[in-house]
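> This is the structure I want to talk about, given as structure tokens.
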Amino acid sequence: LFDRVVLVPVAVDSTVVSDWETGFAKDRIAVAIRRLAARGIVIGTNVTIAILWGQGESDKTAGTTQTAYTNSLNAVIAASRTAGFAGTWFVAKQTYISGAASSAVQAAQAAVVNHGSGVWAGPDADALIGNTCNGSSACRQADVTHWTDAGSISYAAAWKTAMASFGAPYT
């Protein structure tokens, strides 16, 4: 679909959403946006930039409420806009850890979706459990948290499907 793809990972393992709002990770997205701009990579003709948000497992463990998660993630998205990010956010339902998911965090992740504000639903990563990956291979490792190879392939395919729902340029 694209001639060139640049990935800018800013992920930090085991974070809660408030780390991205007011904690140690609060500037990571803004710094990435500024570094891209400094290299001339900005949204424009033939340049698409998206943020793929797949975070929430630690919030499940921490017991983050739906309201707290929604407020924090909306603040993170607003901070990215203040930093100059005009692209699309894709927010996954991603809370599954140690064999269980958080309905509160899932609801919060769904609640921030607002097409008018450039926020779209990402994949339902929490649905990738058991043998749902391809009917014969487990999606998760023995820790019932991390992806198997089949899970990683299914997760990537789910991202592609979610982004295609946006339409061009992802279709």
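> Provide a single number: the residues in the stretch 141-171 that are under 23 Å from residue 45 (Cα atoms), under 14 Å from the mean Cα position of the chain (by Cα) and touching a residue at least 60 places away in the same chain (Cβ under 8 Å). Don't jump to the end; show me each part of the working.
Looking only at the stretch 141-171, we keep the residues that are under 23 Å from residue 45 (Cα atoms), and these are 160, 162-171.
From what's left, under 14 Å from the mean Cα position of the chain (by Cα): 160, 162-163.
Filter once more, so that each one left must be touching a residue at least 60 places away in the same chain (Cβ under 8 Å): 162-163.
Final tally of qualifying residues: 2.
> Next up: When you scan the stretch 124-140, how many residues do you find that are over 19 Å from residue 105 (Cα atoms), under 21 Å from the mean Cα position of the chain (by Cα) and assigned to a loop (DSSP other than H, G, I, E, B)? Don't jump to the end; show me each part of the working.
We begin by selecting, within the stretch 124-140, every residue over 19 Å from residue 105 (Cα atoms); these are 130-140.
Filter once more, keeping what is under 21 Å from the mean Cα position of the chain (by Cα): 132-133, 139-140.
Adding the requirement that they be assigned to a loop (DSSP other than H, G, I, E, B) leaves 132-133, 139.
Within the stretch 124-140, residues that are over 19 Å from residue 105 (Cα atoms), under 21 Å from the mean Cα position of the chain (by Cα) and assigned to a loop (DSSP other than H, G, I, E, B) number 3.
> Across the stretch 24-47, what is the number of residues that are outside any loop (DSSP other than H, G, I, E, B), open to solvent by 40 Å² or more (accessible area, probe 1.4 Å) and among the aliphatic types (A, V, I, L, M)?
Result for the stretch 24-47: 4.
> With 68, 50, 11 as the choices, which residue is closer than 19 Å to residue 93 by Cα, small (Gly, Ala, Ser) and surrounded by fewer than 17 Cβ atoms within 10 Å (Cβ to Cβ)?
From the options 68, 50, 11, the qualifying one is 11.
> Report whether or not residue 138 is without any contact (Cβ under 8 Å) to a residue 40 or more places away in the chain and open to solvent by 50 Å² or more (accessible area, probe 1.4 Å). Before you say what the answer is, go through the steps one by one.
On the way: without any contact (Cβ under 8 Å) to a residue 40 or more places away in the chain: yes; open to solvent by 50 Å² or more (accessible area, probe 1.4 Å): no.
Considered against the rule, which asks whether it is without any contact (Cβ under 8 Å) to a residue 40 or more places away in the chain and open to solvent by 50 Å² or more (accessible area, probe 1.4 Å), residue 138 comes out as no.
> Related question: Here are some conditions: (1) touching a Pro at 6+ places or on another chain (Cβ under 9 Å); (2) open to solvent by 40 Å² or more (accessible area, probe 1.4 Å). Residue 121 meets all but one. Which one does it not meet?
(1)
> Pairs, please: C-beta under 9 Å, at least 6 apart or cross-chain, first residue farther than 14 Å from residue 13 by Cβ and in the stretch 52-63, second small (Gly, Ala, Ser) and in a loop (DSSP other than H, G, I, E, B)?
Close Cβ pairs (under 9 Å, with a partner that is small (Gly, Ala, Ser) and in a loop (DSSP other than H, G, I, E, B)) amount to 60/98; 60/101; 60/102; 63/102.
> Residues being touching a Gly at 6+ places or on another chain (Cβ under 7 Å) and either among the charged types (D, E, K, R) or open to solvent by 50 Å² or more (accessible area, probe 1.4 Å) (or both): count how many of those fall in the stretch 141-171.
1
The values are calculated or read from the model by the stated rules, or taken from the named source; none is laboratory data. Since we're looking at a predicted model, the values are computed, not measured. Using ideal geometry, Cβ is built from the backbone for each residue, glycine included, and neighbour counts are taken over all protein chains shown. Ligands, DNA and RNA are excluded from the accessible area calculation, which covers all protein heavy atoms including side chains. Shrake-Rupley method; radii C 1.70, N 1.55, O 1.52, S 1.80 Å.
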